[in-house]
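The values are calculated or read from the model by the stated rules, or taken from the named source; none is laboratory data. Keep in mind it's a predicted model, so treat the numbers as computed, not measured. A quick note on method: Cβ atoms are made from the backbone with ideal geometry, for glycine too, and the neighbour counts reach across all protein chains shown.
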Amino acid sequence: MSAAEAANPGAHSRRRGRPRIDLRRLGRAALLGPATRDRLPDAIGHVADAHRAHHPDADLTILHRAYVLAESSHRGQFRKSGEAYITHPLAVTLILAELGAETTTLTASLLHDTVEDTDVTLDQVKAEFGAEVAYLVDGVTKLEKVDYGAAAEPETFRKMLVATGNDVRVMSIKLADRLHNMRTLGVMRPEKQARIANVTKDFLIPLAERLGVQALKTELEDLVFAILHPEECERTRSLIAESDTAEAALDAMAQSFRSVLREAGITSEVVIRPRHFVSVHRVSLKRGELRGTDFGRLLVLVGEDADCYAVLGELHTCFTPVISEFKDFIAAPKFNLYQSLHTAVAGTDGAVAEVLIRTHQMHKVAEAGVIALGNPYASTEGTDGPDRPDGTMEPDDEERADPTRPGWLSRLLEWQESTPDSDAFWSSLRADLAQDREITVFRADGQMLGLPMGASCVDAAYAQYGERAHACIGARVNGRLATLSTVLSDGDTVHLLFAHDTQPTPAPATADGTPSVPGVQDAGSGPSPQWLDHARTPAARIAITTWLAAHPEGATPQAAAPRRPTPSTPALGHAAAANAVVDLPDTTVRLAGCCTPVPPDAVTGFAVRGGVVTVHREQCAAVSRMKSLERRSVSVRWGEAAACRVTLVAESFGRPRLLADLTEAIATEGAAVVSATVEPPSQQRVRHTYTLQLPDAAGLPALMRAMRDVPGVYDVSRSQRPAPTG
């Protein structure tokens, strides 16, 4: 492996592609100023070449004007690396040009930092380049910390998501911007590198996956891997460096494929796709010792959809197929536009190679996702777009409707409106993006609902009816009665039932005749806390939590059972529970299950019926809701040290003995495991949820550090609900 590859983990996966542009040379060219009228500046020439490779007839005049404005406005500014600042928008634009982005996106990319970092105004951008470019630039412009403080970053993401909902090109520019920043992150302090890498891991990589931009996603994964897990990254680097037989083994299989397909008369191209670092790491965790063919996959490119199946038939006839590895993402595309046939075959020497079969157009979309779709506002044939050199329509700001907007993005836009609190929005967004794939279910009227994998009828109810779902009493799934806790599968038909239905049907009952979904007796009773155990979507969780906070007396005795240690006996003049004290006589204190406060969390309380004060963390969304309803808060303080119960979520790469090592770390810190769940691995990632009893809440930070120190664990966080007890 070359020194350049050793310095950058992403270089391995790009060694067969276009070489990296020398950004320092671009910087020197940029400082020379704009070119003469009859030619483009040298600094933007690489962008023009890449753009013309995908769009031969593109008019580069607008790019020239955008570059001149960007270069002049950023002149005199430098990055922390010492390079002229203009090298950054140039590099971001080059990334997008190589992926096939159209002219408007590249124009906005060149200007994406001007409004934020220079004297250029959004009105100036709009006047010179049109409303569409101005919309994209505004979408990626950060909100000021002076105005938003600690909420600036989550609120910037909120703004960006809303803009992306109207035009997915906003997020395309942001992803390319983050990729270049991650490539040059080495000049930052280690702690800042880690913070940026974590945000990239939690938010931007999942967004790149959902938008189908695999080329950006894979390199971002490698760069994050190198920062957050340097030792494991170095081990993976050594595995790749020592894999002398890898390329030879894959080359031999590729040659065999070419011969078979040539004899069958199928026009095709067979290429080797080396795995990127994180992919090699995942395969090594899954398979242990790696063979030569494990370091890459074979990609077969053909002209038509039918040719994909013809290739599949020939390979399965002439080689031994591994049937369990076959997946048809052409007949059933992934939710992020991805289409391909996946299979694996064994050669005569027993070597097994994974194979991807797709058309050239499918490959373009697989690499670039929504970027490959071009301009969603392009005019239809025969319609001239006003004042647009590329013949596209100027969008109507009042009715922006992006035909590429996927269902998951629509859901994000819906629930973010119900989440005014920045911390709640941040954690809910992270939870939603952690869902790996989407399923499609059908409503009773035949319309489709997009939901995350693992969603239940509770999620379907809130996705379809919003707050009306509070009165839901059950469901019919594929014509059969089902509880609201029923987990849905792809293709299910769901009919939600209400007490006021024309032909009411009672919810399924348990042996004693009570409804099997606790807390729902009739249309007026509302949701129960148990619904949270079955809600996977932020929209459902936020709606349920908000209702429960506003109606603590509305749940049945069973549903309202405390999730935390039972309150202690109130002392004269004050009341306490699990170390939380209020100075009110004849009062029972209850710790809220929605945010699970423990010392030293900043907390506040609200009086509810029955002489009860419910204690919430100050950042809890329920607090904002109570205050908006002008509910009077009660002062709460933490008393002397006492035992507490808390739920933690540990996220990790899967490996042998991980569960044993985590429980040992928990026991070493003196905590007891009340309950624990381990979700099935997804893309070699595993999520563990533990409800733990601590002898002293002050030991929580040390416990979380000890869990994070377990090899393979990359994050430990507080959960807003306890682990299911089975």
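Of all the criteria given as (1) buried (at least 17 other Cβ atoms within 10 Å of the Cβ); (2) at pLDDT below 75, the one not satisfied by P420 is (1). For region 106-113, the count of residues that are in the same structural domain as L211 (by TED's automatic domain parsing), closer than 24 Å to V187 by Cα, assigned to a helix (DSSP H, G or I) and of a type in the set (A, V, I, L, M, F, W, C) is nonzero.
Taking the condition over 17 Å from the mean Cα position of the chain (by Cα), surrounded by fewer than 23 Cβ atoms within 10 Å (Cβ to Cβ), of a type in the set (A, V, I, L, M, F, W, C) and under 21 Å from A353 (Cα atoms), does V260 pass? In short, yes. The criterion of at least 3 residues that are more than 18 Å from K80 (Cα to Cα) and β-branched (V, I, T) is met by the following helices (runs of 4 or more DSSP H) wholly inside region 140-219: 152-166.
The residues of region 88-105 that are buried (at least 24 other Cβ atoms within 10 Å of the Cβ) and either assigned to a loop (DSSP other than H, G, I, E, B) or of a type in the set (D, E, K, R) (or both) amount to a single one, A101.
Within region 135-142, identify whether any single residue is modelled with pLDDT under 90, closer than 25 Å to S418 by Cα and not hydroxyl-bearing (S, T, Y), and answer yes or no.
yes
Scanning region 685-716 for residues that are among the polar types (S, T, N, Q) and surrounded by fewer than 16 Cβ atoms within 10 Å (Cβ to Cβ) turns up just one, Q693.
Of all the residues in region 186-219, those that are within 23 Å of E98 (Cβ to Cβ) and basic (K, R) number 2. Residue pairs whose Cβ atoms lie under 6 Å apart, separated by 6 or more positions or on different chains, with the first residue in region 160-188 and touching a residue at least 40 places away in the same chain (Cβ under 8 Å) and over 22 Å from N198 (Cα atoms) and the second of a type in the set (S, T, N, Q) and surrounded by fewer than 24 Cβ atoms within 10 Å (Cβ to Cβ), are V168/T404. Scanning region 660-677 for residues that are modelled with pLDDT of 80 or more and over 23 Å from C595 (Cβ atoms) turns up D661, L662, T663, E664, A665, A667, T668, G670.
Annotation note: of P154, P190, the sole residue that is within 15 Å of the chain's Cα centre (by Cα) and of a type outside the set (A, V, I, L, M, F, W, C) is P154.
Candidates in region 351-367 are the residues that are under 26 Å from the mean Cα position of the chain (by Cα) and crowded, with 23+ Cβ neighbours inside 10 Å; of these, the one that is nearest to D307 (Cα to Cα) is R358. Only one residue in E221, E242, E191 is of a type in the set (D, E), in contact with a Phe, Trp or Tyr (Cβ under 9 Å, 6 or more places away or on another chain) and either more than 24 Å from P333 (Cα to Cα) or crowded, with 20+ Cβ neighbours inside 10 Å (or both). Which one? Testing whether each residue is of a type in the set (D, E), in contact with a Phe, Trp or Tyr (Cβ under 9 Å, 6 or more places away or on another chain) and either more than 24 Å from P333 (Cα to Cα) or crowded, with 20+ Cβ neighbours inside 10 Å (or both) leaves just E221. Condition (residue is more than 36 Å from the chain's Cα centre (by Cα), surrounded by fewer than 23 Cβ atoms within 10 Å (Cβ to Cβ), modelled with pLDDT of 65 or more and of a type in the set (V, I, T)) applied to region 561-578: is it met by at least one residue? No: region 561-578 contains no residue that is more than 36 Å from the chain's Cα centre (by Cα), surrounded by fewer than 23 Cβ atoms within 10 Å (Cβ to Cβ), modelled with pLDDT of 65 or more and of a type in the set (V, I, T). In region 350-370, the residues that are closer than 13 Å to S340 by Cα form no Cβ pair under 6 Å with any partner that is in a helix (DSSP H, G or I) and among the aromatic types (F, W, Y), whether six or more places apart or across chains.
State yes or no: is T184 at pLDDT 85 or above and surrounded by fewer than 22 Cβ atoms within 10 Å (Cβ to Cβ)? First the steps, then the outcome.
On the way: at pLDDT 85 or above: yes; surrounded by fewer than 22 Cβ atoms within 10 Å (Cβ to Cβ): yes.
Criteria met by T184.
Being at pLDDT below 75, more than 27 Å from R708 (Cα to Cα), in contact with a strand residue (DSSP E or B) (Cβ under 9 Å, 6 or more places away or on another chain) and not charged (D, E, K, R): is that true of G611 here? Yes: the conditions hold for G611. Would you check if there is a residue in region 148-162 being β-branched (V, I, T) and surrounded by fewer than 19 Cβ atoms within 10 Å (Cβ to Cβ)? Taking every residue of region 148-162 in turn, at least one turns out to be β-branched (V, I, T) and surrounded by fewer than 19 Cβ atoms within 10 Å (Cβ to Cβ). Of the residues making up region 420-470, those that are aromatic (F, W, Y) and under 14 Å from the mean Cα position of the chain (by Cα) are F425, W426. Here V355 does not qualify as modelled with pLDDT of 80 or more and either within 25 Å of D490 (Cα to Cα) or among the aromatic types (F, W, Y) (or both).
Which of the residues belonging to region 246-256 are without any contact (Cβ under 8 Å) to a residue 60 or more places away in the chain and under 26 Å from E304 (Cβ atoms)? Across region 246-256, the qualifying residues are A254, Q255.
Kindly check whether there is at least one residue in region 291-312 that is free of Cβ contacts under 8 Å to residues at least 40 places away in the same chain, surrounded by fewer than 19 Cβ atoms within 10 Å (Cβ to Cβ), under 14 Å from E354 (Cβ atoms) and not assigned by TED's automatic domain parsing to the domain that holds Q214. Checked against the condition, which is being free of Cβ contacts under 8 Å to residues at least 40 places away in the same chain, surrounded by fewer than 19 Cβ atoms within 10 Å (Cβ to Cβ), under 14 Å from E354 (Cβ atoms) and not assigned by TED's automatic domain parsing to the domain that holds Q214, region 291-312 yields no hits at all. A single entry from K159, K174, K126 fulfils the requirement of being under 21 Å from A50 (Cβ atoms) and among the basic types (K, R): K174. Which residue is farthest from R536 (Cα to Cα), if the candidates are limited to region 664-684 and must be polar (S, T, N, Q) and surrounded by fewer than 17 Cβ atoms within 10 Å (Cβ to Cβ)? Residue satisfying both the conditions and the ranking: T668. If the condition is being in contact (Cβ under 8 Å) with a residue 40 or more places away in the chain, of a type outside the set (A, V, I, L, M) and in a loop (DSSP other than H, G, I, E, B), then region 257-290 contributes T267, S268, R275, H276.
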